[in-house]
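What follows draws every value from the coordinates through simple rules; no lab data is involved. No experiment lies behind these values; they were computed from the predicted model shown. Note that we place each Cβ from the backbone using ideal geometry, even for glycine, and neighbour counts take in every protein chain shown.
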């Protein structure tokens, strides 16, 4: 049986996201949810970085544009926020690209835009 990657950490992060969604509901922009989540992470002592840039290597050259992940939590989990009606496969692919560029193992794709918070665990 395989282990769930960063099980406790991801459950805790998802719980904080649920707190944000329960407080704000749906209808705000992604940036507003990010600001609220930043407050939750700080007040709960969770180490994080916001809007982390990852270079993209193309045939040995670093491109001028970069991936920008919404959050990197505990230097090991990418947290990508959305505020849309429904997650699509393109959002999963985007998170997978962040994981590949960052060399991290786990991405949490969180959607605040639905009636209930939705999330996906994405493992590279």
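So here's what we get for this one:
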{"quantity": "Residue exposure sequence - 102, 89 - by fewest surrounding Cβ within 10 Å", "calculated": "89, 102"}
{"quantity": "On Cα atoms only, tilt of 89-102 relative to the major axis of the chain in degrees", "calculated": "60"}
{"quantity": "Rounded tilt (10° steps) of 7-24 against the dominant C-alpha axis of the chain", "calculated": "50"}
{"quantity": "Sequence of 7, 103 once ranked by neighbouring C-beta atoms within 10 Å, starting from the fewest", "calculated": "103, 7"}
{"quantity": "Centre separation in Å (Cα based) which lies between the range 49-84 and the range 97-124", "calculated": "12"}
{"quantity": "Quotient of Cα Rg and 2.2 N^0.38 Å for the range 60-124, N being how many residues it contains", "calculated": "1.14"}
{"quantity": "Residue with peak Gaussian network fluctuation, the chain [Cα springs, cutoff 10 Å], from 104, 63, 41", "calculated": "63"}
{"quantity": "Residue among 97, 22, 44 with the largest mean-square fluctuation in a Gaussian network model of the chain, springs linking Cα atoms under 10 Å", "calculated": "44"}
{"quantity": "GNM result for the chain, Cα springs below 10 Å: residue of 61, 80, 49 fluctuating most strongly", "calculated": "61"}
{"quantity": "Global size of the chain as Cα Rg and Dmax, reported in angstrom", "calculated": "14.4, 46"}
{"quantity": "Rounded to 10°, Cα long-axis angle of helix 30-43 versus longest principal axis of the chain", "calculated": "80"}
